[in-house]
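The next block holds one structure in the form of structure tokens; read it before the comments.
Quick note: the coordinates plus some simple rules give every number you see, no bench work behind them. From a predicted model like this one, the values you see are computed outputs, not experimental measurements. Positions of Cβ are backbone-derived with ideal geometry, glycine not excepted, and every protein chain shown enters the neighbour counts.
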Amino acid sequence: MTVTTRRAILGWLMAIAATLMPAATPAAAQPQPPLTVFAAASLTNALTEIGKAYTAKTGRPVRFSFASSGVIARQIEAGAKADLFFSADTEWMDYVQTRGLIDPSTRRDLLRGRLALIASAASTVRLTIKPGFALAAALGPKGRLSTGDPDSVPAGRYARAALTNLGVWPTVADRLVRADNVRTALTYVAHGEAPLGIVYETDAAIEPGVRIVGFFPEASHAPIVYPVAITKSAVPGSADFYRFATGPAARAIYAKYRFRPIGR
């Protein structure tokens, strides 16, 4: 067999092998590492739905860690790896920003909410929320008021401010169930462990075990604002989810859960 013939056969075999080998997978189609999002507990339902929609569109999974904004902010400060942070108030976002833990150029106020007084669905309590209203009497002789811990949980801070401005805080300050996040406060009322609670409208809307007794006047507390930002330790691609979670499709999901999107 001549050298020319051997080369021809070798080329023929290589051509056949090439047709049998699977095509290389483009880099873009390779599995992408999940994004990690830390968010206020009150955003659980909305962000979970938004995360699923994003994954369905892009193929990239999103992992969520939901807790009180204060707990999350301190976790980020302690070195927890998060790509985005959704806070239930501006104070905890300020906390991480002053420590250089977020990219301030990505910070934006995303949503607004309302503060609600709730009772169990079976309760017959009726109250008009106004200065000096009879909240303590509505709790009964031994009942307690469930809300987030005012020292660390945004919902509790708003509740304390509202009750203080309405002149009823001294009557209930020592009768609180200080929950570690607003969803826990909601559960106490839904399960009958507290006759009344103060949570966000959005929380009450997803829990059939409670009903809204009334809304607190917005002037009685600081505006309920949810800011979002990308962290300084964010992995590549975090900005893509940020754009999705602040875009039109996500805004429609927030509105479905009774959040009020801010701005564009």
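In plain terms, the C-alpha convex hull of the stretch 59-127 casts an average shadow of 7.6 nm² when viewed from every direction.
For the chain, with equal point scatterers placed on the C-alpha atoms only and solvent neglected, what are the log10 I(q)/I(0) values from the Debye formula at q = 0.10 1/Å, to two decimals? One equal scatterer on each Cα of the chain leads to -0.55. Between Thr124 and Thr164, the distance separating the two model label sites (each 7 Å from Cα on the Cα→Cβ line) works out to 3.7 nm.
Taking other residues whose beta carbon is less than 13 angstrom from the beta carbon of Ser238, and scoring Lys, Arg as +1 and Asp, Glu as -1, yields +2. Between amide H atoms placed 1.01 Å from N, distances below 5 Å from Ile224 occur with Gly113, all of them 5 or more places distant or on a separate chain.
Computed from point charges on the beta carbon alone (+1 for Lys and Arg, -1 for Asp and Glu), the dipole magnitude for the chain about its Cα centre is near 620 Debye. Please figure out what share of the DSSP beta bridges in the chain is antiparallel and state it in percent, rounded to the nearest 5. Once the DSSP bridges in the chain are tallied, antiparallel ones form about 60 percent. Each Cα pair under 8 Å and six or more residues apart adds its sequence gap; the mean of these over the residue count of the chain is a relative contact order of 26 percent. Note on Ala137 and Arg260: with the Förster distance fixed at 25 Å, the Cβ-Cβ geometry gives a FRET efficiency of about 0.20. The separation of the stretch 94-137 from the stretch 207-264, counted between C-alpha centres, amounts to 12 Å. Listed by chain and number, the lysines whose C-alpha is less than 28 Å from the C-alpha of Lys81, apart from same-chain residues fewer than 8 away, are Lys52, Lys57, Lys232.
From helices alone, the chain scores -11000 deg cm²/dmol at 222 nm; the rule is -39500 (n - 2.57) for each run of n ≥ 4 DSSP H residues, then divide by the residue total. Annotation: amide H of Glu193 has no partner in the under-5 Å range at sequence separation 5 or more or interchain, hydrogens built in the peptide plane. Grouping the Cα pair distances of the stretch 180-264 into 5 Å bins from zero gives a pair-distance distribution of 3, 11, 18, 17, 17, 15, 10, 6, 2, 0 percent in increasing distance order. What percent of all Cα-Cα pairs in the stretch 88-137 falls into each 10 Å bin, going from 0 up to the bin containing the maximum distance? In order of increasing distance, the bins hold 17, 31, 18, 21, 13 percent.
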